[in-house]
Amino acid sequence: NMEWHVYCLATQPDGKILVGGGFYQVGSVEKRFIARLEANGSLDTSFGAVVDHIVYGMALQPDGRLLIVGTFSTVSNFYYSYAARLQSNGSVDSSFYCGLNGITECIALQADGKILIGGGFTSISGTTRNNFARLSTTGTLDATFNPDPNGTVHTLAVQADGKVILGGDFTSLGGTAANYIARVNANGALDSSFTPSANGTVQSLSVQADGAVLV
């Protein structure tokens, strides 16, 4: 049952664990879609985030604020569709808004604090942007970055050199063939030196310390 899945995790420096997914309870306590656990796995009741649907991805900022993406439309009864930022206590951070129009599955932070998002959306605050985008720290669209994959992006990984690897259901970026996995330069241009050409959907990526990529 998909409604019970855990889709994403993040560990705080203090050892607490942030969990997102399609679940309805943690232990015997009703807690929907997002929760924070103590290091021993018990529910942290001081984290008050309330979302109305699935959380697919999360990224913890160095300042302790948490970015979340998914299929939700409200956060703590405020309208924040598909993406939002939470304060460390779980309350919504009103300084972040990006106006997405569709499901958002993955999120990653660049070293400079800019935010990368991927999913099945087609616009951000009214500007066309297919499935992959870069945002400022407040959620506004970075108009200089437009890789334009032709299918859903399920997973993102940022390399140490600033290049970004993406995986999903796409078969091209900006009209150039790239099957299910691709790498873009920091400016969003396709890196033509990286051509794994997978033959099916890529759901998860990770970059090792030595630069090798796990798919």
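Side notes on the structure shown:
- A Gaussian network model of the chain, with springs between Cα atoms under 10 Å, assigns the largest mean-square fluctuation among Asn40, Asn179, Asn146 to Asn40.
- Of Ser42, Ser91, Ser204, the one that fluctuates the most in a GNM where the chain has Cα springs shorter than 10 Å: Ser42
- Close amide H partners of Ile124, meaning residues 5 or more places away or on another chain with modelled amide H under 5 Å apart, are Arg129.
- Taking θ as phi - 60° and the Karplus parameters 6.51, -1.76 and 1.60, the scalar couplings of segment 26-31 work out to 10, x, 9, 9, 5, 7 Hz in sequence order, x denoting glycine and proline.
- Using the Karplus relation 6.51 cos²θ - 1.76 cosθ + 1.60 with θ = phi - 60°, the per-residue 3J(HN,Hα) values for segment 122-136 come to 10, 7, 10, 6, x, 9, 4, 7, 8, 6, 7, 8, 10, 10, 6 Hz, with x marking Gly and Pro.
- Just the protein heavy atoms count here, and of the accessible area of segment 78-215 at 1.4 Å, carbon and sulfur take up 47 percent.
- Calculated semi-axes √(5λ) of the Cα gyration tensor in Å (choose from [x] 31, 22, 15; [y] 28, 18, 16; [z] 25, 22, 16), label: [y]
- Phi to ³J(HN,Hα) by Karplus 6.51 cos²θ - 1.76 cosθ + 1.60 over segment 144-149, Hz, x for Gly, Pro: 7, 10, 8, x, 6, x
- Probe 1.4 Å, accessible area per residue of the chain, Å²: 45 Å²
- Amide H contacts under 5 Å for Glu105: Gly118, Gly119, Gly120, restricted to partners 5 or more places along the chain or on a different chain, H placed in the peptide plane at 1.01 Å from N.
- Of Ala177, Ala111, Ala49, the one that fluctuates the most in a GNM where the chain has Cα springs shorter than 10 Å: Ala111
- Cross-link reach is defined here as a Cα-Cα straight distance under 29 Å, omitting same-chain residues fewer than 8 places apart; for Lys163 the lysines meeting it are Lys114.
The values are calculated or read from the model by the stated rules, or taken from the named source; none is laboratory data. Please read these numbers as outputs of a predicted model, since none were measured by experiment. Remember, those area values only see protein heavy atoms, side chains included, never the ligands or the DNA or RNA. Shrake-Rupley method; radii C 1.70, N 1.55, O 1.52, S 1.80 Å.
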